[in-house]
Amino acid sequence: MYSINKINRREACSIFHYIGYICILLGLVMLVPVLVAFIYGETHYILPFIYSSALSLIFGSALYRGFHNTIELSLKSAMVFVTIIWLVGSALAALPFYFSGDLSYLNGYFEAMSGFTTTGFSMYTNLDAVAHTMNFWRGFMQWLGGIGIIVMALTILSSPSVNIMRMYSAEGREERLVPSIKHTTRIILYIYIGYTILSIALFKMAGMPLFDSVFYAFSALSTGGFAMQNASIAFYHSAWIELVAIVVMIIGATNFALHYTVLKGSWREYFKDIETKVAWSLLLIGIFLVTVFLYNSSYYGHNLLLSLRYSVFQVVSALTTTGLQTVPGNEITLQWEGMGIFVLTILMIVGAGACSTGGGIKWLRIGILLKGMWWQVKSLLLPKSAVIPMRIHHVREVKIDEKLLRLTGLFVFSYLSIYLLSVVIVLFYYQNVAQVMFEVASALSNVGLGSGLMTATSPAVTKIVFILDFWIGRLEIWPVLLLIVLAIQSSARK
């Protein structure tokens, strides 16, 4: 029986050193909402953020100075670091919710993890009454989480290139825009900031107030899904705002490598890419099925345009793993039950583009598996001596080997296993199977589309299951499984 080598002392020191670095950055970031509190006269929120910032800076400085980076990180130790920092970062980001008295610590941790992982489930019972300061923090967390805590840090981190490369890979990102990882992270950040500014301008032009435009630009581009109102985007009763949100959600769910290629002028690559073909095929099929389903039901009065409008927005929100809604949660439960919930659940599980702000299994893996099925069928039909070229077009021509097909299949199997386990646990507390499967898919794929199941009064066990699903889904399973195996083997040795 093989065992995984445990993290040695020098590797552990490096991990704690980098955790301290991220905590310091987070402590500085927490001072930004203080400016919002001054602007909107919400002075009672100033001290909670100052206290939270101070604790983060003290804790981070103690780790950063107390442990020295004396060794290059292995991929294993980089994965452990990335896995832990999402837990620690969320624990610190929850403090403003707790110190302000807005939420209990568990609910604040749920909110913070939901924000950083760009999921969008909220523990606030009345979003219409949430202060500007806290809304800014919620939106800003999603914006930071959309690009990735590690990618943000790597743009300014002074560290050996090996460490930077392995931390970048450990956060679930595989693709380089340019040979240098540090340069790649900066390009991603520049693209992200550019699209953020564009999104704010588009929402403002569509009729949103400036603060709302900033918030929903953060929420939609990060494919996060936090809303400022109980009615989400439906609050504005504007087809133009919905259209802008759809465009921004699709931008956020698209691979950064593909964005970079298109922005350099190779726009034809967008239409040739396998992710584009998978995404738009699923979008069109999903919109058609849901529109026909809604039109045939009596709830929307057999109104084709209204059915199409609701279908398009919810389908795009599900497939991009954003979670913004134009249909209330209770309406999804009661009126979309059947084909509507089924299609949205499948699309959420499929998820968004690789190397994007979205979650889920990802369009690229679905494309690889579909191609793999076709190659397998061809291998059965052709003579044994025939050579089947296994290639896909993803920004460039990519050769697919048996190892990649096996890893892709294992990822999908692991993902579905965790999904089913989560469903089983939640079913002990809620008996509506369709609703539970819908919301667990939304949690694990970092979507946030809600049907009203998960609230501040939900059992603590279900909140913890959802928090773990947010975390596992954002890190794409393998780093979390590695940490669990290391913890089990470490306990077994004692």
Inverse of <1/r> over all distinct C-alpha pairs of region 1-129, i.e. the Kirkwood Rh in Å, gives 16.0
For Glu72 and His393, FRET efficiency with R0 = 35 Å and r from the beta-carbon atoms, rounded to 0.05?
0.50
Here the averaged projected area of region 234-343, based on the convex hull of its alpha-carbon atoms and given in nm², is 7.3
Over region 268-451, what lengths in whole Å, largest first, do the semi-axes of the equivalent ellipsoid take, defined as the square roots of 5 times the eigenvalues of the alpha-carbon gyration tensor?
33, 20, 15
For region 368-376, 3J(HN,Hα) per residue [Karplus equation, 6.51 cos²θ - 1.76 cosθ + 1.60, θ = phi - 60°, Hz, x = Gly/Pro]:
5, 5, 5, 5, x, 4, 5, 5, 5
Cα-Cα longer than 22 Å, checked against Lys362/Lys463; Lys277/Lys371; Lys204/Lys362; Lys204/Lys264, kept in input order, equals Lys362/Lys463; Lys204/Lys362; Lys204/Lys264
Calculated from backbone phi, Karplus (6.51, -1.76, 1.60) coupling profile of region 37-49 in Hz, x at Gly/Pro
4, 5, 4, 9, x, 9, 5, 6, 9, 5, 4, x, 6
Put +1 on the Cβ of every Lys and Arg and -1 on every Asp and Glu Cβ in the chain; which of Tyr415, Val32, Ile400 then has its Cα farthest towards the positive end of the dipole?
Ile400
State log₁₀ I(q)/I(0) for the chain at q = 0.12, 0.13 Å⁻¹ as given by the Debye formula over alpha-carbon point scatterers of equal weight, solvent excluded.
-1.11, -1.31
Rounded to the nearest 0.05, what FRET efficiency is calculated for Leu31 and Leu427 with R0 set to 60 Å and r the Cβ-Cβ distance?
0.90
Output wanted: per-residue J couplings in Hz (rounded whole) for region 287-293, from phi through Karplus 6.51 cos²θ - 1.76 cosθ + 1.60, θ = phi - 60°, x for Gly and Pro.
4, 4, 5, 5, 4, 4, 4
If amide H atoms are built 1.01 Å from N in the plane of the peptide, which residues on other chains or at least 5 residues away come under 5 Å of the amide H of Thr455?
none
Largest first and in whole Å, give the semi-axes of region 350-449's equivalent ellipsoid, each being the square root of 5 times a Cα gyration tensor eigenvalue.
34, 16, 10
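Read-outs: derived from the displayed coordinates by stated rules, not from any lab. Just so you know, these numbers come straight off a predicted model, no measurement behind them. As a convention, Cβ positions derive from the backbone with ideal geometry for all residues, glycine included, and neighbour counts pool all protein chains shown.
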